[in-house]
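Laboratory data are not the source of any read-out in this text; all were calculated from the coordinates shown. Because the structure is a prediction, the values reported are computed rather than measured. Virtual Cβ from ideal backbone geometry, glycine too; neighbours counted across all protein chains shown.
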Amino acid sequence: MPDEPAENVSGGTDGGGVEARFAAGSPDTRAEAVVDALGELYWQKAYGGREAVPCLVRTILSQNTSDTASQPAFDALLERYDDGDLAATLAEADRETLADTIASAGLYNQKSRVIVEAAREVVADFGDAAAFDDFVREGDPAEVRDRLLDIHGVGPKTADCVLLFAGGRDGVFPVDTHVHRIARRMGLAPPDADHEGVREALEASVPSEKCGFGHTATIQFGREYCTARKPACLDGPEACPLYDLCDRVGVDDGGGAVRDPAETVAGK
């Protein structure tokens, strides 16, 4: 079983998660069967333990870019600004200098603005990074999520990643572009579901303790097998380890055509 890449938003083997094994049994839903299969293909882990401010910053940097592109930006940011209280340091950071520091992540002017404003909110509302950690880990999950979403530039995926990787909350299944595509392609969510619709479908049909590694393993599956333009199933059933669990919505096995699952809905 491969190790989780360090470039993942989760931080891989150094990201605070721990290996977890779940008792074998008959899954109650097809979504659970898919997550179980991914767990056997990749990893089964329980997440939590990340510091909330670095986790928030790392996920902001990952927006609209790959983890391999955003990881160097995060490393450079920590080297320049992490002096013990990252929130306080970033709240006072010069935006142009910060933008230069995180340039490899793309959209660096926008992201530097979001990071500074988020840090200022943390300092103003919680005092320091430690108090923010306590809120993320111990506060009511719905309230934590709502507060994170109130930060300008923080969307559902970012909020959910903080809840999962810093808060260690079960039942949180963040939805990025890979998860959004794969859940609809496999028939685990309606083909025209938006990101929130996919999240609701998965969190309702995957046991809460399996949602975390379901998220990270689905991302890895999307990178290796179920890519946007050329999913492995186009090479035949034997090419994809999850072929028998997939509806292949929008995928024409015979003709090789691939389209967004939403385009299969009548009238679209």
| note | The lone condition E92 fails out of (1) farther than 27 Å from G214 by Cβ; (2) buried (at least 16 other Cβ atoms within 10 Å of the Cβ); (3) among the acidic types (D, E) is (2)
| task | Scan the range 112-132 and report the pairs whose first residue is without any contact (Cβ under 8 Å) to a residue 60 or more places away in the chain and whose second residue is aromatic (F, W, Y) and buried (at least 23 other Cβ atoms within 10 Å of the Cβ), with Cβ atoms within less than 9 Å and a gap of 6+ or a chain change. | result | V123/F132; D125/F132; F126/F132
